[in-house]
1. Considering only DSSP beta bridges where both residues belong to the chain, give the percentage that are antiparallel (nearest 5).
2. If I model the stretch 41-138 as equal point scatterers sitting on the Cα atoms and use the Debye formula, what is log10 I(q)/I(0) at q = 0.10, 0.14, 0.21, 0.24 Å⁻¹?
3. Going by how many other beta carbons lie within 10 Å of each one, how would you line up L225, L60, fewest first?
4. Please work out, to two decimal places, the log10 of the ratio I(q)/I(0) at q = 0.15 Å⁻¹ from a Debye calculation in which every Cα of the stretch 113-240 carries one identical scatterer.
5. List, in the order given, every pair from K21/K324; K84/K330; K84/K163; K21/K163 whose Cα-Cα distance in the structure shown is over 30 Å.
6. Expressed as a whole number of Å, what is the distance separating the alpha-carbon centroids of the stretch 116-174 and the stretch 239-284?
7. At 7 Å along Cα-to-Cβ for each site, give me the label-to-label distance between E292 and S314 in nm.
8. Calculate the translational D of the stretch 170-324 in whole µm² s⁻¹ from Stokes-Einstein, where the hydrodynamic radius comes from the Kirkwood formula applied to all Cα pairs, the temperature is 25 °C and the viscosity 0.890 mPa s.
Amino acid sequence: MALDFGEVSGFADIPGSEAVKHLVALINCAGGVNGAPVEVQVSDIQGDVEVTAQATQELLDFGAHFLIGPPFADFGQPVLQVTKGEVPVFFAASTEPSIPDSSINSFLVSFDDTAQATAAAEWALEEGFTRAITFSAAGPYFGYNPEVFTAGGGEVIIDQTYKPVDDVDFSAQVNEIAAIADGSEVVYSAMLAHQVTALRSQLEGQGLDGLTYLGADAFEATGLLAPENAPANEGMVHTTHAFVEPGGRLEKLLTSYEAANGEALESGSFAGLYADALLLGIQAIVDCGCTEPAEIGAAVAEIADFEGFTGVMSYAGTTGIPTKPVSIHKVVDGADTLVANWE
């Protein structure tokens, strides 16, 4: 695993790496894969392009049959430049559509940004929302607002710009919104949790307390569900990767980890993505009966109806972005609640 444990990517890469190491231990306790133990090595790329390239080469020298890479394209591309399409790479937490390409053995484990924005828009339309307020920023992830909302008969009454991560003063945007909103709108943005809670507070300060807030997987990853965010997160809706269903496969993994390590894994659905990356690579090895990385990558591209921790997914017939459900959740009485699975 070539992962970034820094502030930007650590929200996913840290719990993800821990989930993988725990699952490897369980697999080896059960006899390994075809009687062989699974070995895992983790390299911290330190948010540096040159370190990323060096770490990737070290993992290849280690003999890696497949890699799990960092979430963002800035560091995903250096990984792919080193692997040269010869070794399969799973980008477990990435939703960027620029990274996957099955012809060079580059695969997402998640849905992409277009899929989650589309899921959000269609859910809003089905719930009867006809007016939307969006916040966008140029570039990947923050720039995918649900144009399908307007195609489906809705109206985006205003699209505001903002600076991801940094902006917490939305007074100028709020004043413009207050002049045209009637309180029935859905507010959609992929902004981080601390930003959307600040935005909500400022909009409610203008009397707009009937708005519904709808966001992307960053809501969960950046602490929307943390107890300290209640009651500011009440009623918020977000797309994410899986619901930790009581008694379900993902909950059992998380419970098993906590029992073995004495502490819980944060970002449960993200941990599930990394566990799925591990199992997808193993599934390909089992399917092809091979150990050559290029052959493993070809087998990944043929995987269909794989039952993972984050849902049923398929790569067959895709360009490296799996077909899989988008989980839509709502905070109800302080609890993250499943409201829909979009496929």
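Here, each number is a calculation from the coordinates, and none is a lab measurement. On a predicted model such as this, the values are computed, not experimentally measured, just so you know. Neighbour counts run over all protein chains shown; Cβ positions are idealised from the backbone, glycine included.
1. The antiparallel proportion sits near 40 percent.
2. -0.36, -0.59, -0.99, -1.22
3. In increasing order of surrounding Cβ atoms, one gets L60, L225.
4. -0.62
5. Working: K21/K324 24 Å; K84/K330 41 Å; K84/K163 34 Å; K21/K163 36 Å.
Flagged as over cut-off: K84/K330; K84/K163; K21/K163.
6. 30
7. About 2.8 nm separates the two model spin labels.
8. Rounded to a whole number, D works out at 134 µm²/s.
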